[in-house]
Structure formats: C-alpha cells, structure tokens
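Here is the structure we will look at.
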Amino acid sequence: GNSVTQMEGPVTLSEEAFLTINCTYTATGYPSLFWYVQYPGEGLQLLLKATKADDKGSNKGFEATYRKETTSFHLEKGSVQVSDSAVYFCALSGGGGADGLTFGKGTHLIIQP
Amino acid sequence: GAVVSQHPSWVICKSGTSVKIECRSLDFQATTMFWYRQFPKQSLMLMATSNEGSKATYEQGVEKDKFLINHASLTLSTLTVTSAHPEDSSFYICSAPTQGETQYFGPGTRLLVL
C-alpha cells in the first residue's frame, strides 16, 4: 500500500535560517504529492502540490520538487519566519485529489526570533 | 478558496451514546468527501470515503457499523459514532475535493467520550 515517511520533530530553527523537511513516499503508479500546514488551533491548509515527476510546487516562499527517482518531495524554504511555526504534513494521493490522502506523521516546526 | 465547515467543533458525551458530526462544503459541491481521524501528535488516518447517493467506502480496519456515514446531499456528509466508548475519543476531520481535485479540510471536531 501507499505510505509517507517524513522527519519527525520538533524542528527548532532561528529566524531567517534555511529549512528542509524531508519526505519520502512509497506508492504504486504515479501519485500526486502534497504539503499541508496546520497552524495552532486551525485546520489543515494546502501549502503546495505537484502532480507529476519533476514538477515543482511553490507557495509563500516554500518549494518542493517531485523526485520520482528518489521517491522524495522535500520541503524547503530559504529564510523562515516566526509565523512559519506550525505542523507540516507531507501527503500523497494515488488518484489526484479524488482519492483519500495518505499522510506522513507530521513535523512540528518551531521558529525562534 | 473553497471552505469546508464542521459542526460541532467539540463534543463531550457519555459512554454508550451516539454522536453525529456534520461536514459541509460551503461554496462548492462535493460528490465525494473524506473522513479522517487524528490521534494526539500523530498523523491523520483515512477512515472512509463518503459518496453522495451511495454507500460509503471504509478503509481496512474501520468498523462500518460503528462509524455510520451518510452523504445526503452534494454539500453535506455526516459521521455518526454509534455507542461511543472512551477509545473513540479523537479528533475527526473531513475533507472535500473541488473540481480541481484540491482537497479542502474542515477545522475538525474533537470528541471526548467519558
């Protein structure tokens, strides 16, 4: 079956540091890949997505590239802010968005001023 | 963007009672909705796929008689936890995909069974 593995936190960084959150997946076929963010007290929000190999998703300074050869979708941001503190979930869908999502365990990111 | 709401946002009930949770797509229609369960500091686990006008599809290990799902209209799905027990206490989240297939999530419902 499908599975997603991401680094577990908490990850603590200083403001303006470079961020990488690793995510690898196992899936049959050609899944779509997603990063969702959950801010304290709020619901999940789509951060970015990629639907085919070599696609790069980007939003709010975050980027992730769909790497089929390494089955990875690592999240990066060049300079983090305190407001980026949240829990980040990597997820995949086997059928675009029409299927339920398989999530990683989530990475709690803490940015210190 | 699209908005998905859930009601109630939290509920406390006695063991043995049933609890209904509603999931609504506010500005779009959804023939399919999904129900997830999230344990503290853990990931979301897909429980079932709710299909408008037909039976829900349950993931392996999820008791369909325990978690009743009804998708009565294109904007409403309900999850009923029947004869709830303390081990059913959890955070229940629904999602709905738009035509562009991006899934939008509700804010979640926290259930505590005493």
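List of remarks:
- The Cα-based radius of gyration and maximum Cα-Cα distance (Dmax) for the protein assembly as shown are 17.6, 51 Å.
- Geometric extent, Cα atoms of chain A - Rg, Dmax (angstrom): 13.3, 43
- Farthest towards the positive end of the charge dipole of chain A, among the residues A:39, A:17, A:81, is the Cα of A:39, using unit charges on the Cβ of Lys, Arg, Asp and Glu.
- Label-to-label distance, nm, for residues given as residue B:101 and residue B:73 (7 Å Cα→Cβ offset): 2.9
- Cβ-defined net charge surrounding residue A:14, 14 Å radius [Lys, Arg +1; Asp, Glu -1]: -2
- Per-residue mean of C-beta atoms belonging to partner chains within 10 Å, peptide A:38-51: 3
- Per-residue shielding of B:30-36, expressed as the average number of other chain Cβ atoms within 10 Å of the residue Cβ, stands at 2.
- Taking the range B:14-64 and dividing mean pair separation by its residue count, relative contact order in percent (alpha carbons under 8 Å, at least six apart): 24
- Taking every C-alpha pair closer than 8 Å and separated by at least 6 residues, the mean separation divided by the residue count of chain B gives a relative contact order of 36 percent.
- On the basis of the beta-carbon distance and an R0 of 41 Å, residue B:59 and residue A:14 show a calculated FRET efficiency of 0.50.
- Structural descriptor for the range A:1-111: relative contact order 37 percent, calculated from alpha carbon pairs under 8 angstrom and at least 6 residues apart.
- Counting Cβ atoms of other protein chains within 10 Å of each residue's Cβ and taking the mean over peptide B:44-57 gives 2.
- Restricting the range A:4-58 to trypsin sites (Lys or Arg not before Pro) in coil, as DSSP defines it, with at most 15 other Cβ within 10 Å: A:52
- Cross-link partners of residue A:77 among lysines (Cα-Cα below 22 Å; sequence separation of 8 or more within a chain): A:49, A:52, A:56, A:60, A:68, A:105
- Cα-based Rg of chain B normalised by 2.2 N^0.38 Å, two decimals: 0.99
- Basic side chains Lys and Arg get +1 at the Cβ, acidic Asp and Glu get -1 at the Cβ, and with that the dipole of chain B about its Cα centre reaches some 260 debye.
- Isolated Cys in the protein assembly as shown, by beta carbon distance under 4.7 Å: B:13
Read the figures in this text as sums done on the coordinates, not as results from a lab. Everything numeric here is computed off the predicted structure, so don't read it as measured data. Cβ sites come from the backbone with ideal geometry, for glycine too, and all protein chains shown count toward neighbours.
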